[in-house]
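Contents: one structure, followed by commentary.
The values are calculated or read from the model by the stated rules, or taken from the named source; none is laboratory data. Because the structure is a prediction, the values reported are computed rather than measured. Methodologically, a virtual Cβ is constructed for each residue, glycine included, from the backbone with ideal geometry; neighbour enumeration extends over all protein chains shown. All accessible areas refer to the heavy atoms of the entire protein, side chains included, with ligands and DNA or RNA removed. Shrake-Rupley method; radii C 1.70, N 1.55, O 1.52, S 1.80 Å.
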Amino acid sequence: MCGIIGIVGRQAAAPRLLEGLKRLEYRGYDSAGIATLTEGRIDRRRAEGKLANLAARLAAKPLDGMVGIGHTRWATHGVPNEANAHPHATRRLALVHNGIIENFHGLRDDLAKRGVTFESETDTEVVAHLLTAYLDDGMSPQEAVAAALPRLEGAFALAIVFAGEEDLLIGARRGSPLAIGYGDGEMYLGSDALALAPLTQRICYLDEGDWAVIHRDGATVYDAANVKVQRPVVQTAVSGAMIGKGNYRHFMLKEIYEQPAVIGDTLHAVLNPASRTITLPPLPVDLAAVPKITIIACGTAFYAGMVAKYWLEQVARMPVEIDVASEFRYREAPMPAGGIAMFISQSGETADTLAALRYAKSQGQTIISVVNVPESSIARESDAVLPTLAGPEIGVASTKAFTTQLTMLACFTVAVARARGAISSEREAALCVALAEVPGRAAEVLAHDELIEKLAHRVVEARDVLYLGRGSSYPLALEGALKLKEISYIHAEGYAAGEMKHGPIALIDESVPVIVIAPRDPLFDKTASNLQEVVARGGRVILLSDAAGVARIGRQVKPEASIALPAVDPFVAPILYAIPVQLLAYHTAVLKGTDVDQPRNLAKSVTVE
């Protein structure tokens, strides 16, 4: 959740640490800080709120030194204030931490018996004092870290600098991502490749339980048993240019507009337009023999999985179970021999999803992940990866990651259906043609941006908004409501349209906008009937359908507004219909004046439970 960057360099560290923290803002944060070694002693600056506050502190009182660490904090233990902001420091060291130390109460009690006085409410400060106690007992920094790590329970990534050690940075990870960057006579540490992008493209990703001793001329990596190990140094494709906003007002809008391109990129990886077939990466399982697929994810990725459940059951005739990772991991669910467990995550670091993956692996499932970061923990622990080629997604509210997840899941569905004999080669070809058309149709949807911006004026003053859909449009109703909640802070709910009569219809009145997602699919007439029930009770309907669907409903009842989307095969409609609900949420949030890219209380990569 939090962001980490560290430098052992040959020039002033603080300005580059601040720049690194700016690249980590997308992860979400409520305070920030930097610590450097100045003539061998620890010096630091911290500030509550946005990085502009920290920058002002540094401008007023600069930090010297070529070795340092920086941090953006999303509060877990302790309120978001300067005292709880990282780095935490003692006279011997400073450290930053991403994650949660679950046994910090017991460690705190032990340290209090040694006379330690704590200055914050955080779990992180306990680690600083534990390491200091070992240093005071005569251990070296490396020995102190080796002794302390086994005593920590929970998930963490740590970066530590030590007083008097002008050529030393130590990092450690368990459950939270951490990467080492290799430079020219300099070394770096970061939460991900984006943090390090302008500094280096040579990256080493630490494995679970690893810790590393870093000097200017290289790094030595140890595993959880303190055995020296070699981890590959890879050339990452991430660059600083990839994360600029360009001419867009917000990252979110830029990423919405990137969807035609990234959907196309994702399709090109598996779809052969000449043969009209899908060729997945090698899978260690016979798709024809799989008895069941279990899909597990969180948030927006869960809604992508819900759409995939409809696809896999209807098109491929494959039994599918789906659950949110935070619930699944505690159910101790029985899983069938030979089954596939599929995990969907933008970051590939989602803590609950990763824990559920490990449970499924213990149950003998074949693990297939749909992720946007091929070097991520979830990808590395999977038996096979279906990559989404969305590129870096900076806006906290997922947009292009969602539609590329849907794209890859649609391709997976076609491959499963063909392997199981559930569709003919002719139907496979037709579905591939429909998929190949999606990037072009997505560009057409974006042409409605101005209309959708005008419709946002009808939503922005609402206290409550409802989204309705049936079949594979039902998860889109849930996703549309989530998007609006996330970035505009307007209360919104998504419902299966057929369930309105079973309670939610009581919410309908003339003050409630109702967004109806109604592609012309086999359930179109049912959705049209539900729409009429809403209009009859004064609901202000905004209809999403194609031109023929808008005309057909218009002959029966007049919605307040309609958006006529391109006509597509119902199979691919969820990919296309995701875009207008994203744009409606975006424009509503802009009108509300909220922080679109970094909505309150949210973070991009949820690496704590």
### Task
Could you list all residues from the range 19-71 that are within 25 Å of Leu168 (Cα to Cα) and aromatic (Phe, Trp, Tyr)?
none
### Task
Only one of these is among the hydrophobic types (A, V, I, L, M, F, W, C), surrounded by fewer than 24 Cβ atoms within 10 Å (Cβ to Cβ) and either within 22 Å of the chain's Cα centre (by Cα) or under 14 Å from Gln365 (Cα atoms) (or both): Val324, Val307, Val315. Name it.
Val324
### All positions within the range 189-224 that are of a type in the set (Phe, Trp, Tyr), open to solvent by 10 Å² or more (accessible area, probe 1.4 Å) and over 22 Å from the mean Cα position of the chain (by Cα)
Tyr222
### Task
Return a yes/no flag: does the range 86-94 have any residue that is open to solvent by 10 Å² or more (accessible area, probe 1.4 Å), touching an Asp or Glu at 6+ places or on another chain (Cβ under 6 Å) and over 19 Å from Ser191 (Cβ atoms).
no
## Note on the structure
Scanning the range 44-61 residue by residue, those within 29 Å of the chain's Cα centre (by Cα) and open to solvent by 40 Å² or more (accessible area, probe 1.4 Å) turn out to be Glu48, Lys50, Ala52, Asn53
### Message
Consider the range 105-135. How many of its residues are in a loop (DSSP other than H, G, I, E, B) and touching a residue at least 24 places away in the same chain (Cβ under 8 Å)?
### Response
5
### Query
Failed condition for Gly338, given (1) within 20 Å of Thr407 (Cα to Cα); (2) open to solvent by 20 Å² or more (accessible area, probe 1.4 Å); (3) not in a helix (DSSP H, G or I); (4) not hydroxyl-bearing (Ser, Thr, Tyr), with all others met?
(1)
### Query
Right, Glu428: under 15 Å from Val262 (Cα atoms), open to solvent by less than 20 Å² (accessible area, probe 1.4 Å) and among the charged types (D, E, K, R) or not?
no
### Task
Provide a single number: the residues in the range 356-384 that are in contact (Cβ under 8 Å) with a residue 40 or more places away in the chain, assigned to a helix (DSSP H, G or I) and open to solvent by less than 20 Å² (accessible area, probe 1.4 Å).
4
#### Entry: Hits in the range 486-501 - residues which are free of Cβ contacts under 8 Å to residues at least 60 places away in the same chain and over 16 Å from Val514 (Cβ atoms)
none
### Subset of the range 488-510 that is modelled with pLDDT under 85 and touching a Leu at 6+ places or on another chain (Cβ under 8 Å) - its residue that is surrounded by the most Cβ atoms within 10 Å (Cβ to Cβ)
Ala497
## Note on the structure
Every listed condition ((1) under 30 Å from Ser191 (Cα atoms); (2) out of contact with any Phe, Trp or Tyr (no Cβ under 9 Å at 6 or more places or on another chain); (3) at pLDDT below 85; (4) open to solvent by less than 40 Å² (accessible area, probe 1.4 Å)) holds for Glu609 save (4)
### Message
For the range 285-300, check the following and say yes or no: at least one residue is closer than 30 Å to Ala447 by Cα and open to solvent by 30 Å² or more (accessible area, probe 1.4 Å).
### Response
yes
### Summary
Across (1) over 26 Å from Ala155 (Cβ atoms); (2) of a type outside the set (Val, Ile, Thr); (3) touching a His at 6+ places or on another chain (Cβ under 7 Å), Arg73 clears everything bar (1)
### Query
In the range 511-539, which residues are open to solvent by less than 40 Å² (accessible area, probe 1.4 Å) and in a loop (DSSP other than H, G, I, E, B)?
Val512, Ala518, Pro519, Asp521, Gly538, Gly539
### Query
In the range 349-398, which residues are of a type in the set (A, V, I, L, M) and more than 27 Å from Pro336 (Cβ to Cβ)?
Val373, Leu389, Ala390, Ile394, Val396, Ala397
### Query
outside any strand (DSSP E or B), hydrophobic (A, V, I, L, M, F, W, C) and touching a Ser or Thr at 6+ places or on another chain (Cβ under 9 Å), is that true of Ile542?
no
### Message
Out of the residues in the range 545-563 meeting the condition of being touching a residue at least 24 places away in the same chain (Cβ under 8 Å) and not in a loop (DSSP other than H, G, I, E, B), tell me which one is surrounded by the fewest Cβ atoms within 10 Å (Cβ to Cβ).
### Response
Ala548
### Every residue from the range 480-510 that is touching a Pro at 6+ places or on another chain (Cβ under 9 Å), among the acidic types (Asp, Glu) and in a helix (DSSP H, G or I)
Glu486
### Task
Taking Lys485 as meeting all but one of (1) within 30 Å of Ser275 (Cβ to Cβ); (2) open to solvent by 10 Å² or more (accessible area, probe 1.4 Å), write down the number of the exception.
(1)
### Message
I'm trying to understand the selection: among the residues of the range 431-470, which are surrounded by 15 or more Cβ atoms within 10 Å (Cβ to Cβ), among the aliphatic types (A, V, I, L, M) and farther than 19 Å from Pro559 by Cα?
### Response
Leu431, Ala434, Leu435, Ala436, Val438, Ala442, Ala443, Val445, Leu446
### Message
Condition first: open to solvent by less than 20 Å² (accessible area, probe 1.4 Å) and either more than 16 Å from Ser473 (Cβ to Cβ) or more than 31 Å from the chain's Cα centre (by Cα) (or both). Can you find one or more residues in the range 570-583 that meet it?
### Response
yes
## Note on the structure
The one condition Ser347 fails out of (1) out of contact with any Pro (no Cβ under 7 Å at 6 or more places or on another chain); (2) among the polar types (S, T, N, Q); (3) open to solvent by 10 Å² or more (accessible area, probe 1.4 Å); (4) over 30 Å from Ala443 (Cα atoms) is (4)
